[in-house]
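Following: one structure in structure tokens, then a few remarks.
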Amino acid sequence: MAAVDMLCSDKTGTLTMNKMQLQENCPVFADGHDRGSVLQLAALAAKWREPPRDALDTMVLGSADLNECDEYDQIDFTPFDPRVKRTQATLRKEMPNGETFVFKVAKGAPHAILALCGLHDGPIAERLEEINQNLSDRGIRSIAIAQATERRANQGEITAEAIVQDEQDVEGYEEARSVSRQHSTIRRNDSALRSRANSISSVTSTNSRVERPRREDSVAPKAVKPSRNASLDIDPLRPKSTPSLLTKRQRAEAAKIPAANDGEEWRVIGLLTFLDPPRPDTKETIRRAKEYGVDVKMITGDDGAVAKEMCRMLNMDPNIQTPAHLPKFPESGNPKDIPDTLGAEYGDLIVAAGGFARVFPEHKYLIVETLRQLGYTCAMTGDGVNDAPALKRADVGIAVEGATDAARAAADMILTDPGLSVVVEAMLIARGVFQRIQSFLTYRISATLQLVTFFFISVFALPCEDYGIENEDFKFFKLPVLLFMLITLLNDGTLITIGYDNVTPSPSPQKWNLRVIFIVSSVLSAVALASSLWLLWMALDAVEDSHYYNSWFYSLNIPQMTEGKVVTMMYLKVSISDFLTLF
């Protein structure tokens, strides 16, 4: 973390508040619709009776009338896919008169919905792109809503207005809807409630509802693989001994319902516009990050104009790149096949960019890989499943507050507070820890070199016999084992203070440079070693009378030494030298 010099940050939820604010402006492209109906269709393209899956669902479901959504059966649901950038649901509505209506609805990025509808050009596509561009230039995001041609089982196409009119003309509709709502709350994994459901379905079979659970739901057995019509006549959670909630007539009608993509005609209904404002502290946080030598790049799946406007608001580089200029993932899908030339081919472009828009998960991975090949220590923030590969590949993967389990598992660090300010503070703390570790290594190497080298040289280069010392027990200088162990123990004691050293974080990223550490340690140990050997030489020269009167000690008026005094003096000298090295 202390070495991070490049931070790739997700926009939504990290740079922004991740609290979508729905706007009143709602461009409509289909007759008979308004802001309310567009919002209702957007809610139908979600699991409206389950906890919201993301901030967009939170915004939509918090603004729509969920009681109206309960009038529909969601017989199929495709959750958000970051590759196609949309969600999709199949809805089924049974009227009290026995008629059945089925239609599909999708919501997602405007360009993804245009592709779904096959509108690559034409007046609607041009108008939608113009509106979306104008909104993006003002920093307003949008999602498009599309609906497949509604069908009445065995009766051809109908309109939404016909559904409403039929419902109003049926006598006793309110009573039937009340029974239907009660039925929709039944949990199929509860045997007692299942019995009640069967009894209700036998009386009001046309009001029964069956909702197929998502394959991703934790309650669904992984071994179950629903067939094409499993959403209508097979309950994956129902034991084999339990009969289906659908009656024979309902199963017969279900077989007549057109399958997915069988002649469907998608049309764009409208746009929901919303704002996701930046966090109040984001601008200052980015400024501090740059002040400490960390470049911040925004990576988002939103439109390029939205990304540019966000960069302008946060004083970031507005040079936004799109996937058209980014490297492609290998066709094999194996990360091991990624070439080592990404840095050379795309490095200048990626480093010069201020951010990236409309990216897919593989682009995030390749951006991180390119920066790493260039030698950057890259940190990556993310919160979704689509961020997991990039989080795993980054030098420091950071799962932001509220991240999914997949992102948390792939990350090296999990944040409990929102925003980027926590990341900057973590970098400063890491740099302080780095400096303490560096001080520890410098001291340890220096003290060890001084101690080992001193005793080695003193034994072989300064024999006591050369200074007239004839004591058989003092032929060469030596310290008692007790004093040697005491030096080692006291050295370890001084190391404890390094953990509480009051350091100032470096203004630039920190990286290991073992050569510099070894050179600095060697210089410090050489100074202490030279002074210790010089003191030992003067002390040995002042032991015997034949040498004392010509020694430095005599000229300095220092009394004549004995063997014991020499040992004590050198012990104190070596210990003090080690202690002073720490400072």
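The values are calculated or read from the model by the stated rules, or taken from the named source; none is laboratory data. Note that the coordinates shown come from a computational prediction; the quantities given were computed from them, not determined experimentally. Backbone-built Cβ (ideal geometry, glycine too); neighbour counts: all protein chains shown. Please note that ligands, DNA and RNA were not included when accessible areas were found on the heavy atoms of the full protein model with its side chains. Shrake-Rupley method; radii C 1.70, N 1.55, O 1.52, S 1.80 Å.
Just one of V516, V523, V452 is of a type outside the set (F, W, Y) and closer than 30 Å to D295 by Cβ; which is it?
When all the criteria are applied, what remains is V516.
Has the range 494-511 got at least one residue that is more than 26 Å from Q435 (Cα to Cα) and open to solvent by 50 Å² or more (accessible area, probe 1.4 Å)?
no
Looking only at helices (runs of 4 or more DSSP H) that lie completely in the range 481-571, which have at least 3 residues being modelled with pLDDT of 90 or more and among the aliphatic types (A, V, I, L, M)? Outline the logic, then answer.
Values: elements: 481-496, 514-540, 545-548, 552-555.
So the answer is 514-540.
Within the range 80-102, can you find the residues that are at pLDDT below 90 and of a type outside the set (D, E, K, R)?
Of everything in the range 80-102, those that are at pLDDT below 90 and of a type outside the set (D, E, K, R) turn out to be F80, P82, V84, M95, P96, N97, G98, T100, F101, V102.
Please state which of the following conditions V368 fails to meet, knowing it meets all the rest: (1) under 30 Å from F579 (Cα atoms); (2) open to solvent by less than 20 Å² (accessible area, probe 1.4 Å).
Unmet for V368, out of (1) under 30 Å from F579 (Cα atoms); (2) open to solvent by less than 20 Å² (accessible area, probe 1.4 Å): (1).
Return the residues of the range 5-26 that are surrounded by fewer than 21 Cβ atoms within 10 Å (Cβ to Cβ) and at pLDDT 85 or above; say none if nothing qualifies.
Listed by number, the residues that qualify are D5, L22, Q23, E24, N25, C26.
Looking at (1) crowded, with 16+ Cβ neighbours inside 10 Å; (2) at pLDDT below 50; (3) assigned to a loop (DSSP other than H, G, I, E, B), which is the only condition A254 fails?
That leaves (3) as the condition not met.
Go over the candidates A115, A109 one by one and state the one that is at pLDDT below 90, aliphatic (A, V, I, L, M) and surrounded by fewer than 19 Cβ atoms within 10 Å (Cβ to Cβ).
Result of the check over A115, A109: A115.
Sort out which residues of the range 93-124 are of a type in the set (D, E, K, R) and touching a helix residue (DSSP H, G or I) at 6+ places or on another chain (Cβ under 8 Å), and write them in order of number.
Keep residues of the range 93-124 that are of a type in the set (D, E, K, R), which gives 93-94, 99, 104, 107, 121.
Answer for the range 93-124, where residues must be of a type in the set (D, E, K, R) and touching a helix residue (DSSP H, G or I) at 6+ places or on another chain (Cβ under 8 Å): K93, E94, E99, K107.
Any chance you could count how many residues in the range 262-284 are surrounded by fewer than 22 Cβ atoms within 10 Å (Cβ to Cβ) and in a helix (DSSP H, G or I)?
Looking only at that region, the number is 2.
Applying the selection to the range 557-583, what residues are open to solvent by less than 50 Å² (accessible area, probe 1.4 Å) and closer than 12 Å to N491 by Cβ?
Across the range 557-583, the qualifying residues are V574, S575, S577, D578, T581, L582.
Looking at the range 132-150, which of the residues that are crowded, with 18+ Cβ neighbours inside 10 Å and of a type outside the set (G, A, S) is farthest from G301 (Cα to Cα)?
E150
Quick one: in the range 27-53, of everything that is closer than 21 Å to N134 by Cα and of a type in the set (D, E, K, R), which residue is most open to solvent (accessible area, probe 1.4 Å)?
Ranking the qualifying residues of the range 27-53, first place goes to D34.
Might you check whether a residue that is in a loop (DSSP other than H, G, I, E, B), under 24 Å from V396 (Cα atoms) and among the polar types (S, T, N, Q) occurs anywhere in the range 303-315? Even if it seems obvious, please write down each step before you answer.
Start the filter on the range 303-315 by keeping residues that are in a loop (DSSP other than H, G, I, E, B), which leaves 303, 314-315.
Then keep just the ones that are under 24 Å from V396 (Cα atoms); that gives 314.
From what is left, the residues that are among the polar types (S, T, N, Q) are none.
Among the residues of the range 303-315, not one is in a loop (DSSP other than H, G, I, E, B), under 24 Å from V396 (Cα atoms) and among the polar types (S, T, N, Q), which makes the answer no.
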